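Data block below; observations after.
The values are calculated or read from the model by the stated rules, or taken from the named source; none is laboratory data. Fair warning: this is a prediction, and the values are worked out from it, not measured in the lab. Here Cβ is always computed from backbone atoms with ideal geometry, including for glycine, and neighbour counts include all displayed protein chains.
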Amino acid sequence: MNLVHTRPISGTLVAIPYPGRGHINPMMNLCKLLASRKHDLLITFVITEEWLGFIGSYTKPDNIHFASIPNVLTSELVRGADFPGFYEAVMTKMEAPFEELLDTLELPVTGIIADTELKWAI
């Protein structure tokens with residue numbers, strides 16, 4: 001990720017919501033609130049490629065950017081048919097791509113905001 005910084009950055013946060021309805025928007029709202037109060041804070045909002053397709057065009061502050069991990073989960077459009085399988089995949093298949101993404105970030109991460117369900121994220 002090659003980011004152009006026009007002002008000093010005081011810290012970098014990585015936010016990762018649980019990849020399901022009812023979790024993405026509240027996490028984004030929290031990030032927008034943090035970004036509006038601290039303009040020198042860079043926030044990376046991590047979602048799956050599928051979710052990036054759904055919300056990638058959302059309006060957000062300049063100090064929030066999206067980063068995606070591969071679609072290692074059942075599609076949002078059909079996951080209701082096997083929620084236990086989806087939940088197990090979240091718990092077992094998302095951690096490695098998330099860690100790989102952290103390793104590629106340009107700036108050191110000073111904090112992680114993770115959904116309470118994603119215990120592996122911290």
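Side notes on the structure shown:
- Qualifying residue in region 42-49 (condition: touching a Phe, Trp or Tyr at 6+ places or on another chain (Cβ under 6 Å) and within 24 Å of residue 10 (Cβ to Cβ)): yes
- When 35, 81 are screened for being at pLDDT 95 or above and part of a helix (DSSP H, G or I), only 35 passes.
- Filter result for residue 73 (farther than 21 Å from residue 21 by Cβ, surrounded by 15 or more Cβ atoms within 10 Å (Cβ to Cβ), among the hydrophobic types (A, V, I, L, M, F, W, C) and free of Cβ contacts under 8 Å to residues at least 60 places away in the same chain): no
- Failed item in (1) surrounded by 14 or more Cβ atoms within 10 Å (Cβ to Cβ); (2) closer than 23 Å to residue 122 by Cβ, with residue 79 passing the rest: (2)
Let's see how each residue does on (1) surrounded by fewer than 20 Cβ atoms within 10 Å (Cβ to Cβ); (2) under 24 Å from residue 79 (Cα atoms); (3) over 14 Å from the mean Cα position of the chain (by Cα); (4) of a type outside the set (A, V, I, L, M, F, W, C):
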{"residue": "24", "(1), (2), (3), (4)": "no, yes, no, no"}
{"residue": "33", "(1), (2), (3), (4)": "yes, no, yes, no"}
{"residue": "37", "(1), (2), (3), (4)": "yes, no, yes, yes"}
{"residue": "40", "(1), (2), (3), (4)": "yes, no, yes, yes"}
{"residue": "61", "(1), (2), (3), (4)": "yes, no, yes, yes"}
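- Filtered residue count, region 20-51, keeping only those that are farther than 21 Å from residue 105 by Cβ and basic (Lys, Arg): 2
- Leading residue by the ranking (modelled with the lowest pLDDT) among those in region 42-55 that are crowded, with 19+ Cβ neighbours inside 10 Å and of a type in the set (Phe, Trp, Tyr): 51
- Qualifying residue in region 3-14 (condition: surrounded by 12 or more Cβ atoms within 10 Å (Cβ to Cβ), assigned to a helix (DSSP H, G or I) and in contact (Cβ under 8 Å) with a residue 60 or more places away in the chain): no
- Selection count, region 82-105, where residues are over 19 Å from residue 23 (Cα atoms) and surrounded by fewer than 12 Cβ atoms within 10 Å (Cβ to Cβ): 3
- Scanning region 6-32 for residues that are in contact with a strand residue (DSSP E or B) (Cβ under 8 Å, 6 or more places away or on another chain) and farther than 23 Å from residue 95 by Cβ, we see that the one that is modelled with the highest pLDDT is 32.
- Region 88-111, residues that are farther than 20 Å from residue 12 by Cβ and not in a helix (DSSP H, G or I): 94
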